[in-house]
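What follows is a set of notes on a single structure, which appears directly below.
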Amino acid sequence: MKSVDFIKLASSGVQEIQPYQPGKPVEELERELGLTNIVKLASNENPLGPSEKVIASLASVYPELARYPDGSAYELKRRLSEFLNVAENKLTIGNGSNDVLELLARVYLSRDNESIISQHSFVVYPLVTRAIGAELKVIPAKNYSQDLDATLDAISGKTRMIFIANPNNPTGTWINEDDLTKFLDQVRDDVIVVLDEAYFEYVQEASYPNGIALTEKYPNLVVTRTFSKAYGMAALRLGYSISHPDIADLMNRIRQPFNVNAMSLAASLAAIDDQDHVRRSVEMNTAGMRYIEAECQRLGLGFIPSVGNFLTIDFGRDAMPIYDGLLHEGVIVRPIGVYELPNHLRVTIGTTDENQRFVNALEKVLK
Ligand SMILES: Cc1ncc(COP(=O)(O)O)c(C=O)c1O
């Protein structure tokens, strides 16, 4: 049999992609390390899980599992439009916000243009850009945050898309309304600005911008959101975007007809109706964040101040031995060398117990 180099046959952009490294499942680690009761603080999930109303809503779908879901997401769009006070034709629903980010890239990026991202920004932006063969410009971060002036300076005739995460994962840094609007005022109106608000519910800063309202003033601005974080529904995969109706129209043309499943559609309606659960989740996060920050200070560790549901801690040296030590104590956090932060680890804020277990394990490992 002749041997074919299937890697070389792939489009050059795809060849350059580094595979996404998801955290190992807890069960696999428990088997490998011979531990039980592992605490997973590695993927910025909601430690409270979803609302009980969400869990109850899933059973309503069981009798209909043989049928295709509503490909138009009619009910969800109606409900979201009411809840967010936006026109339904500005909404696009996706299988997680990753799906929506990919749809945007497929609509607007090509081999002839480029996207701009910041150093230390979310891994999916380079992934969706490269998959299409578009060029990727990475702007050095400033104090771990996106440098908007440098981003403006980097815009060229080829620029079609700019990704901004607000707040950003894995740094937890954020952009205030003044800086964002000054930036948007200067961006050419044929450049699509994607404002990723996956963690916006957690932010409690007065000058945090209202991205959705800004889409009225800036038609080239697209906001993406998710039910994976504060709503605790990461396994169900549901995200959406708010954009100019023409952008939504194009995204809807290329999405898979049934990109969102019936369970997530039912669950998201129930989730919107339980805002108390979101409030509880945010309160628990804020308290946990203050606790872990204080413990880091006590242990003499630096960290990047974060407004998300995670904190990135600076060990001032290769963080992998600390990661391994924590793993052997049964606590999984996230190494972020792939984000060019090899001396840092990102920890998701957990329940009070989980946070204490993390701090105790950290103290032991550092000794
Ligand atoms: C900044 C950011 N955007 C988007 C997502 C994607 O979330 P999902 O596809 O679950 O909606 C994540 C997930 O970790 C994220 O950190």
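The values are calculated or read from the model by the stated rules, or taken from the named source; none is laboratory data. Given the structure is predicted, the values throughout are model-derived calculations rather than measurements. Note that we place each Cβ from the backbone using ideal geometry, even for glycine, and neighbour counts take in every protein chain shown. The area values use the complete protein model at the heavy-atom level, side chains included, leaving out ligands, DNA and RNA. Shrake-Rupley method; radii C 1.70, N 1.55, O 1.52, S 1.80 Å.
Assorted remarks:
- Among 339-348, 16-25, the peptide with the highest mean count of other Cβ atoms within 10 Å heads the list, and the full ranking is 339-348, 16-25.
- Taking only protein heavy atoms and a 1.4 Å probe, the accessible area of the chain is 51% carbon and sulfur.
- Once the Cα-Cα distance is subtracted from the 0.36 nm per residue extended length, the Glu177 to Asn360 segment shows a gain of 62.1 nm.
- Global geometry of the stretch 163-296, whether rounded, prolate or oblate, following the gyration tensor of its Cα atoms and the 1.5 cut on a/c: oblate
- Distance (nanometres) between label positions extended 7 Å along Cα→Cβ at Leu48 and Leu33: 2.7
- The protection proxy used here, the mean number of other Cβ atoms lying within 10 Å of each residue, ranks peptides 190-202, 292-304, 85-97 as follows, highest first: 190-202, 85-97, 292-304.
- Relative contact order of the stretch 57-155: 19 percent, from C-alpha pairs under 8 Å at least 6 residues apart in sequence.
- Taking the stretch 1-98 and dividing mean pair separation by its residue count, relative contact order in percent (alpha carbons under 8 Å, at least six apart): 11
- Reachable aspartates and glutamates, given that their alpha-carbon falls under 12 Å from the alpha-carbon of Lys182 and they are not under 8 places away in the same chain: Asp149
- For the peptides 224-236, 31-43, the ranking by mean Cβ contacts within 10 Å, running from highest to lowest, is 224-236, 31-43.
- The chain - accessible surface per residue (Å², probe 1.4 Å): 47
- With each label modelled as a point 7 angstrom along the Cα→C-beta vector, the Arg111-Val26 pair spans 4.7 nm.
- Summed residue charge, Cβ within 14 Å of Glu354's Cβ, Lys/Arg positive, Asp/Glu negative: -2
- Gyration tensor verdict on the stretch 55-125 (Cα atoms; rounded if a/c is under 1.5, prolate if a/b is larger than b/c, oblate otherwise): prolate
- Local electrostatic count, Ala270, Cβ distance below 14 Å [Lys/Arg +1, Asp/Glu -1]: -3
- Computed from point charges on the beta carbon alone (+1 for Lys and Arg, -1 for Asp and Glu), the dipole magnitude for the chain about its Cα centre is near 660 Debye.
- Relative contact order of the chain, pairs being alpha-carbon contacts under 8 Å that are 6 or more residues apart, as %: 23
- Helix-only CD estimate at 222 nm, as mean residue ellipticity for the chain, using -39500 (n - 2.57) per DSSP H run (n ≥ 4): -12000 deg cm²/dmol
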